[in-house]
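The values are calculated or read from the model by the stated rules, or taken from the named source; none is laboratory data. A quick note: this is a predicted structure, and the numbers were derived from the prediction, not measured. Note that we place each Cβ from the backbone using ideal geometry, even for glycine, and neighbour counts take in every protein chain shown. Just so you know, the surface numbers come from the protein's heavy atoms only, side chains and all, with ligands and any DNA or RNA stripped out. Shrake-Rupley method; radii C 1.70, N 1.55, O 1.52, S 1.80 Å.
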Amino acid sequence: MDDASRRGGLTIREYERHVWDMAKHQIHPTFLFVAAQVVGATRLLEHPAFDAPGGWALELALFVAGFLGAWACFYSTLLRVAGFKSVAVTVLVPLAWATAGALWFAVPAPAELSRGTLLVAAAALVQPGVVGWAMTLIRWRAARRRAASLLTEAPRP
């Protein structure tokens, strides 16, 4: 097997262009979102509620919700690359960084927060990602249905 067949028939220059385009448009925004979620969650994890019995469930919920937001960013960029409108990543990345910044610089230290205030802060961090995931999934499924209908309508050669 020659080198060109392993690259899908592309020259090295074309292959590298595709890889860097993918990194810039698909992986890069998702990485920025995940980094913001980790920065915000790191601050919240200092709260004693995470060390209390059942704190693992709260921590798991925090990270699962963050994962859904990352998934929304990734799918939103895939939709954009495919030529569909999707604003989820445009909203989620800056909002995640603004929320993480607020958790570090505007919200009191986690030890000073009540459990209710902690839950509000955690929701502020992850809720946009969960909502973005739901909206992106709806958009993704609509795009898939549209593509499938176009394929069934296209004349066969």
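Quick notes
- Among the criteria (1) outside any helix (DSSP H, G or I); (2) touching a helix residue (DSSP H, G or I) at 6+ places or on another chain (Cβ under 8 Å); (3) open to solvent by 50 Å² or more (accessible area, probe 1.4 Å); (4) not acidic (D, E), the one P108 does not fulfil is (2).
- Against the test of being more than 13 Å from the chain's Cα centre (by Cα) and open to solvent by less than 80 Å² (accessible area, probe 1.4 Å), the options A121, A96, A88 yield a single qualifying residue, A121.
- Residues of segment 1-58 that are surrounded by 11 or more Cβ atoms within 10 Å (Cβ to Cβ), at pLDDT 90 or above and in a loop (DSSP other than H, G, I, E, B): L45, E46, H47, D51, A52.
- Looking only at residues in segment 67-85 that are of a type in the set (F, W, Y) and touching a residue at least 12 places away in the same chain (Cβ under 8 Å), the one that is surrounded by the most Cβ atoms within 10 Å (Cβ to Cβ) is Y75.
- Comparison of A98, A134, A102, A122 shows that the only residue that is within 19 Å of E59 (Cβ to Cβ) and in a helix (DSSP H, G or I) is A122.
- Taking the numbered list (1) in contact with a Lys or Arg (Cβ under 6 Å, 6 or more places away or on another chain); (2) more than 26 Å from G54 (Cβ to Cβ); (3) not hydroxyl-bearing (S, T, Y) in turn, G101 passes all entries but (1).
- Residue in segment 96-108 that is closer than 20 Å to Q26 by Cα and small (G, A, S) present: yes
- Filter result (of a type in the set (G, A, S) and more than 15 Å from V131 (Cα to Cα)) within segment 34-77: A35, A36, G40, A41, A49, A52, G54, G55, A57
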